[in-house]
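Undergrad: Supplied in structure tokens, the structure appears directly below.
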Amino acid sequence: MDLYPAATVNTSSTLHRTWDPERVLASADACLALRELGRHLDEANFINRFGRLQIDDTANQSLADLALGKYIDVSSASNFFGGPQTTEALLGTKAATITSEGRLSLSFEVLSDGKAMAILPFLDSADDVPVDSVYAGTDSWLLRDQAWKYALRGQRAIDLGTGTGLVAAFLTSRYETVLATDINQRATSTAQLSRELLPESAKSRMHVVANDVAGGLRPGTFDFVCVNAPWVPTHRANDRTYSHGGETGFELPRRFISEGAELLAPDGILVALCAELAFSDGTNPLAELLNEFERRGFTTLIEPTPVSHPFHYAADGTAKTLSGVVSARHVSVILKRNRH
Ligand SMILES: C[S@@+](CC[C@H](N)C(=O)[O-])C[C@H]1O[C@@H](n2cnc3c(N)ncnc32)[C@H](O)[C@@H]1O
């Protein structure tokens, strides 16, 4: 199973869409267009959690269509981008395309929960997904919901492997400083653009940096750490950075959880999504890792994620195709560093 949900892949267009976030970032006018778009979406209370579109005013239907990557009349689009100059700039960076009939569409979809917004670029092809594609899926919303539950305000939060930057953007409503990191430069550049959609107060709290897991970050300095880790085993991951979790699929989640836990300040909480694997020899690497943290005085919890989403099928597939694995399930790991 491919972990990129079909709903996010727009292959119907005959135009070749090339997502080049660096080019957009380099254009001040294109960034201004995104800021204007974000402002309009915020005012219209646009909400789009994959297939659950909500906009509180039907007069704003063309704005919603634009944000979903559909074609709308270029003159309406221009109003949402702040005028012809910024619209042209966006077109010049290929973040938007226009037909000979004057219909414009974006090369991305805007994800929004009404608080946070992020840019999810469309793929050029559903069959040929590049290894450095920027990912968002049902699990992104699961992580956002866990953040809603466990991220209870504080000074500093970090979203490791941020992808589009959606969850980091959400965390700006609870934390003074939010770091969004990723090893994939296309992801960090896209998250920088997602930042442009946010109101100034949220934007100034969010910082995006390229990084390998938690490398180089000061231990003990974050009140909240979260990650939606890649957990697909090598033989099924097609080398895609967003899904490849190592030989069994637990190698990279182990690093994220171990290095992420070291970042926690006293009373800090880590939330990680990954798969829990049980092997025929009775071993369970996730349970063993959490036992180690319990021995060190952390409180830990494994919550199975809700059953009605595609990752359980993917987990079943992992259990069936990975030698020695008797079961796999998609879970949320919660870890708290207790004060001594
Ligand atoms: C399943 S995606 C989740 C993206 C985003 N957090 C979300 O929930 O929508 C996993 C993310 O981890 C990133 N990643 C993979 N290996 C990494 C590493 N060694 N260090 C940092 N990020 C990494 C990928 O580029 C990808 O953006």
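Undergrad: Scan the range 233-282 for GluC sites (Glu not before Pro) in coil per DSSP, keeping those whose Cβ has at most 14 other Cβ atoms within 10 Å, and list them by number.
TA: Working: sites: Glu247, Glu251, Glu259, Glu262, Glu276; in loops: Glu247.
Within the range 233-282, the qualifying GluC sites (Glu not before Pro) (loop, at most 14 other Cβ atoms within 10 Å) are Glu247.
Undergrad: For the range 282-340, state which trypsin sites (Lys or Arg not before Pro) are in a DSSP loop and have at most 14 other beta carbons lying within 10 Å of their beta carbon. Don't skip to the answer; put the middle values down first.
TA: On the way: sites: Arg295, Arg296, Lys320, Arg329, Lys336, Arg337, Arg339; in loops: Arg296, Arg339.
Listed in order of number, the matching sites are Arg296, Arg339.
Undergrad: How about Lys70: which lysines have a C-alpha closer than 20 Å to its C-alpha, ignoring those fewer than 8 places off in the same chain?
TA: Within the straight-line limit of under 20 Å, Lys70 reaches these lysines: Lys94.
Undergrad: Between the range 173-188 and the range 15-47, what's the alpha-carbon centroid distance in Å?
TA: The distance from the Cα centre of the range 173-188 to that of the range 15-47 comes to 18 Å.
Undergrad: Select from Ile257, Val325, Leu166 the residue farthest towards the positive end of the dipole of the chain; place +1 on Cβ of Lys and Arg, -1 on Cβ of Asp and Glu, and compute about the Cα centre.
TA: Ile257
Undergrad: How much length is gained on full extension from Thr18 to His309, taking 0.36 nm per residue of separation minus their Cα-Cα distance? Working shown, then result.
TA: Numbers: separation 291, 0.36 × 291 = 104.76 nm, distance 2.94 nm.
Net length gain for the segment: 101.8 nm.
Undergrad: Could I ask something else about it? Would you please give the residues with an amide H less than 5 Å from that of Asn211, counting only those at least 5 places away or on a separate chain, with H modeled from the backbone geometry?
TA: The answer is Asp182, Ile183.
Undergrad: Grab the beta carbon distance between Arg339 and Val131, set R0 = 51 Å, and tell me the FRET efficiency rounded to 0.05.
TA: Details: r = 42 Å, r/R0 = 0.83.
Using R0 = 51 Å, I get an efficiency of 0.75.
Undergrad: Among Val167, Val307, Val129, determine the one that fluctuates most according to a GNM of the chain built with springs between C-alpha atoms less than 10 Å apart.
TA: The residue that fluctuates most here is Val307.
Undergrad: Hey, which lysines would be in cross-link range of Lys115, C-alpha to C-alpha under 20 Å, not counting anything within fewer than 8 residues on its own chain?
TA: Lys149, Lys203
Undergrad: About its Cα centre, how strong a charge dipole does the range 6-121 have in debye, to the nearest 20, once Lys and Arg get +1 and Asp and Glu get -1 at the Cβ?
TA: On the way: 10 positive and 14 negative charges, 60 e Å.
Dipole about the Cα centre, nearest 20: 280 debye.
Undergrad: Take every DSSP beta bridge with both residues inside the chain and express the antiparallel ones as a percent of the total, to the nearest 5. All intermediate terms of the calculation are to be shown ahead of the outcome.
TA: Details: 31 of 53 bridges.
Of all bridge pairs located within the chain, approximately 60 percent are antiparallel.
Undergrad: Right, here's the next one. Give me the number: length gained by fully extending Glu176 to Ser258, i.e. 0.36 nm times residue separation minus the C-alpha to C-alpha distance, one decimal in nm. Kindly include the intermediate steps, with their values, before the conclusion.
TA: Values: separation 82, 0.36 × 82 = 29.52 nm, distance 2.44 nm.
Using 0.36 nm per residue and subtracting the Cα-Cα distance, I get 27.1 nm.
Undergrad: Now a separate question. I'd like the distance separating the alpha-carbon centroids of the range 52-110 and the range 252-299, in whole Å.
TA: Cα centres, the range 52-110 to the range 252-299: 43 Å.
Undergrad: Just to be sure I understand the model, the point goes 7 Å from the Cα along the line to the Cβ. What's the resulting Arg295 to Ser201 distance in nm?
TA: With each label placed 7 Å out from Cα toward Cβ, I get 4.7 nm.
Undergrad: From Cα pairs below 8 angstrom and at least 6 apart in sequence, can you work out the relative contact order of the chain, rounded to a whole percent? Mind dumping the intermediate values first?
TA: Working: 744 pairs, mean separation 50.3, N = 340.
In percent, rounded to a whole number, it is 15.
Each reported figure results from applying straightforward, stated rules to the coordinates on display, with no laboratory input. Keep in mind the model is a prediction, meaning the values are calculated, not measured. Cβ sites come from the backbone with ideal geometry, for glycine too, and all protein chains shown count toward neighbours.
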